[in-house]
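Derivation of every value follows stated rules applied to the coordinates shown; laboratory data play no part. If you're wondering where the values come from, they're calculated on a predicted model, not measured in any experiment. Cβ atoms come from the backbone with ideal geometry, glycine included; neighbour counts cover every protein chain shown.
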């Protein structure tokens with residue numbers, strides 16, 4: 001099977017399904033959020049590049065560039081994706097850089113929410129690619 005960025009979302013699901021159920025391991029949940037975000041981000045990047053002539057300007061953060069391209073896109077479906085991808089990006093930044101004890105912030109529910117966002121984003125990207 002050929003690799004696609006959506007496979008990272010599958011990895012995110014594997015991470016939350018394979019951890020020791022007796023020990024809620026925060027690292028698995030943080031990693032799942034990270035993988036879900038990158039699966040959605042790179043899928044958005046690739047669609048914008050392939051279908052809408054998006055080019056990395058080399059100026060600034062590629063994550064912000066992709067978000068701005070979505071926010072300013074004439075296609076309303078892609079424009080709406082900005083909000084979900086940005087919310088997922090904030091979750092990923094928290095998971096990667098913020099120390100927050102496992103008190104409901106980095107648990108299986110939050111990881112599943114990230115995966116749901118990522119799956120929803122990729123479905124809308126697929127629909128946009130068909131338009």
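Brief remarks follow.
- Computed over the chain, the Cα gyration tensor eigenvalues convert (square root of 5λ each) into semi-axes of 28, 15, 12 Å, ordered from largest to smallest.
- Cα-based helix-to-principal-axis angle, 26-52 vs the chain, degrees rounded to 10: 10
- Sorted by Cβ density within 10 Å, fewest first, the residues 66, 11: 11, 66
- The length gained on full extension between residue 105 and residue 49, counted as 0.36 nm times the residue separation minus their Cα-Cα distance, comes to 16.8 nm.
- For 63, 41, 7, order by how many other beta-carbon atoms lie within 10 Å, fewest first: 7, 63, 41
- Of 68, 84, 53, the one that fluctuates the most in a GNM where the chain has Cα springs shorter than 10 Å: 53
- Relative contact order (%) - criterion: Cα under 8 Å, at least six apart; region: the chain: 35
- Rounded to the nearest 10 degrees, the inclination of helix 108-130 to the longest alpha-carbon principal axis of the chain is 20 degrees.
- A helix-only calculation puts the chain at -24500 deg cm²/dmol for mean residue ellipticity at 222 nm, using -39500 (n - 2.57) for each DSSP H run of at least four residues, averaged over all residues.
- Label-point separation, residue 71 to residue 14 (7 Å along Cα→Cβ), nm: 3.5
- Two-site label geometry, residue 59 and residue 97: point separation in nm, points 7 Å out along Cα→Cβ: 2.2
- Between the Cα long axis of helix 62-71 and the first principal axis of the chain there is an angle of about 60°, rounded to the nearest 10.
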